[in-house]
Amino acid sequence: MANGDKVVINLATGLEDTERVTVAFLVGTAALDQGKKVAMFLTKEAIRLGLPGHAEAVACEGCPPLSRLFQQYTDGGGELLVCPICFTARKLEESSLVPNARLAGATPLWEWIGESATVFSY
């Protein structure tokens, strides 16, 4: 891949701030639509977005439903890299992750990035 063909979205906020989550998925889906390879690194409460049924909210009047954005992100090939420390601290089961999610900490994140990536943080 050429430089700039990968995008990392660092999301450290879950449904306690649905607007941030919505923007993260909008940016991720837009990048996928441009042919980028996209990984969303989920930390803190955002790790719950890697579980079935958690991407359910509407951030504001006129905002698209998060469930639709999540599905578009998934259908476009977007990956969810779930912080294993955050996940384990909440006593969650790895087998319950959605199909496009996997536990991946700092080292796998850097391996995924390779030589270059554009990074967004929410």
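Considering segment 92-113, the residues that are β-branched (Val, Ile, Thr) and surrounded by fewer than 17 Cβ atoms within 10 Å (Cβ to Cβ) include one that is nearest to Asp5 (Cα to Cα), namely Ile113. Candidates Ala57, Ala24, Ala30: the one that is of a type outside the set (Val, Ile, Thr) and touching a Pro at 6+ places or on another chain (Cβ under 9 Å) is Ala57. Residues in segment 98-120 that are hydroxyl-bearing (Ser, Thr, Tyr) and modelled with pLDDT of 90 or more: Thr107, Thr118.
For Phe41, indicate whether it is within 10 Å of the chain's Cα centre (by Cα), assigned to a helix (DSSP H, G or I) and crowded, with 16+ Cβ neighbours inside 10 Å. Give the steps one after another, and end with the answer.
Working: within 10 Å of the chain's Cα centre (by Cα): yes; assigned to a helix (DSSP H, G or I): no; crowded, with 16+ Cβ neighbours inside 10 Å: yes.
For Phe41, the condition - within 10 Å of the chain's Cα centre (by Cα), assigned to a helix (DSSP H, G or I) and crowded, with 16+ Cβ neighbours inside 10 Å - is not met.
When the criteria are applied in full, Leu32 fails the requirement of being surrounded by fewer than 20 Cβ atoms within 10 Å (Cβ to Cβ), over 18 Å from Arg102 (Cβ atoms) and of a type outside the set (D, E, K, R).
Scan segment 58-66 and tell me whether some residue there is buried (at least 17 other Cβ atoms within 10 Å of the Cβ) and assigned to a helix (DSSP H, G or I). Yes, that holds for at least one residue.
Within segment 93-117, being among the charged types (D, E, K, R) and free of Cβ contacts under 8 Å to residues at least 60 places away in the same chain holds for Glu93, Glu94, Arg102, Glu111.
The values are calculated or read from the model by the stated rules, or taken from the named source; none is laboratory data. Fair warning: this is a prediction, and the values are worked out from it, not measured in the lab. Heads up, the Cβs are rebuilt from the backbone with ideal geometry, glycines too, and the neighbour counts pull from every protein chain shown.
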